[in-house]
1. Please verify whether A51 is within 12 Å of the chain's Cα centre (by Cα), of a type in the set (G, A, S) and either open to solvent by 100 Å² or more (accessible area, probe 1.4 Å) or modelled with pLDDT of 80 or more (or both), treating the condition exactly as stated.
2. Are any of the residues in region 30-39 at pLDDT 80 or above, part of a helix (DSSP H, G or I), open to solvent by 100 Å² or more (accessible area, probe 1.4 Å) and not β-branched (V, I, T)?
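The values are calculated or read from the model by the stated rules, or taken from the named source; none is laboratory data. Bear in mind the structure is a predicted one, so any value in this text is a computation, not a measurement. Protein only, heavy atoms only, side chains kept; ligands, DNA and RNA dropped before computing areas. Shrake-Rupley method; radii C 1.70, N 1.55, O 1.52, S 1.80 Å.
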Amino acid sequence: MKKDKTTTQDELRPEYDLKSLQVRKMGPERKHFGGSIVQLEPDVAEVFPDAASVNEALRFLIRITKESNEVRSHIGSDA
C-alpha cells in the first residue's frame, strides 16, 4: 500500500518567526511558569472544586490568624 502524498498549505504569515519559539519540556523536567504548584491530598481536593476556592479558604485562614494574633497581643499588653 502506497502512502498518499499530501501537501500542506502554509497559512502562516511571512512575518512570523517560528525559529524564535521556545519548546517546553513535558514531564518532571518541565519548567513551571508563574508560580508554585501545590499537590492537594485527595480528601482535601474533594472539598475544593477549583483553585479559586482553595485560595479563598486560605486567605480567610490567613485573615483570621492575623486577627487572632492581634487580639492576643492586645490582651497581653493590657495585663
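1. Numbers: within 12 Å of the chain's Cα centre (by Cα): yes; of a type in the set (G, A, S): yes; either open to solvent by 100 Å² or more (accessible area, probe 1.4 Å) or modelled with pLDDT of 80 or more (or both): yes.
Yes; evaluated as a whole, the condition is true for this residue.
2. No, there is no match, as no residue in region 30-39 is at pLDDT 80 or above, part of a helix (DSSP H, G or I), open to solvent by 100 Å² or more (accessible area, probe 1.4 Å) and not β-branched (V, I, T).
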